[in-house]
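Notes follow the structure.
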Amino acid sequence: MSVKLLKWIELFFLCMLVVGCSQTVSNPIKDDMDENGFALVDGDWEFSDWTLNPEDLPDKKMYPMEFNANLIVAGAYMGTTDGVTIYELAEKIKSRINRALNPGGMAVREVNVLYAKDHPIVGGRFSDTEIAEHDMLSPDRLMDTLALWPGHAGEVSIILGHYIYDGMGEEGVEVGFSPCPGRIYGEDDEGEADYIAIVSHGKREAKRGYTSTQIANVTVHELGHFFGLMHTTEIGGMEFDEYEDTPACPKMLLDGIDECADRNYIMFPLEQNDWAYSTFSPQETDVIRMYLATMPHK
């Protein structure tokens, strides 16, 4: 068996939905501004001019480019490897999301902390002394109900568990998952909502956890899925997103991820080492703005 094939087998069984990102994504400057309305200001790309005509929208209404989110703690919070509290983690997630969205004129106003044990309907199913897992193989109605928290309609639900069950035995290392796109719970909806799943620990070892920076970056990646974005390249190099300003890696299987031009983009499917300042490309940003403009939310 070749070394490259062995690398691919290891890659496939260790990755699936793990996050990737690292450097800021941008388009070339054209007269100090690119065709998508992004300008280079003090070394950073900032959104300077974007117009979406409400007349082009299905209900003739454009919803705000800001939103609220809830960090819902399912089960016992076992901390992070850098020792932050749950409230510090919420602030870290808020800051990281805004670092990714602010260049596109978007923002999360608040990331509030809620405890699953306090949920008015299913709170009795959760304990603050036992860890909780996410099951990505089958619908988890219990977790779905957490996203339907009374009084929090119109807000994005981010559920923090301990680890993710993925059916791959003790080697599974998923750190988050999300529908693409996700559905935000509305006041008039009939009990439908989706959520972003993140975790504080891996599955293989009870003491193997993630830093607050890793968790925050995973949240941004999964939020990208929630808003309708796919991976820049899917595992194996067989499928790619449709955007011209994100590279693709059709030779991932042969050459490995180190040779992928998109390996440092936030929507790359695998975790990278230097990813703390990645944001979305201009075309990806357009998708997120359209989602927020058309999806009812607070």
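What follows is calculated from the coordinates using simple rules that are stated; it is not laboratory data. Owing to the predicted nature of the structure, the values given are computational and were not obtained by experimental measurement. Cβ sites come from the backbone with ideal geometry, for glycine too, and all protein chains shown count toward neighbours.
Distance between the modelled labels on Met238 and Thr211, one decimal in nanometres: 3.5 nm (7 Å Cα→Cβ projection).
Length gained on full extension, Glu66 to Asn112: 15.1 nm, using 0.36 nm per residue less the C-alpha separation. With the cut-off at 31 Å, tell me which of the pairs Lys94/Lys251; Lys61/Lys94; Lys92/Lys251; Lys251/Lys298 have Cα atoms farther apart than that. In this structure, Lys94/Lys251; Lys92/Lys251; Lys251/Lys298 lie more than 31 Å apart at Cα.
Stokes-Einstein diffusion for the stretch 225-298, with the hydrodynamic radius set to the Kirkwood value over Cα pairs and evaluated at 37 °C in a medium of 0.692 mPa s, equals 251 µm²/s.
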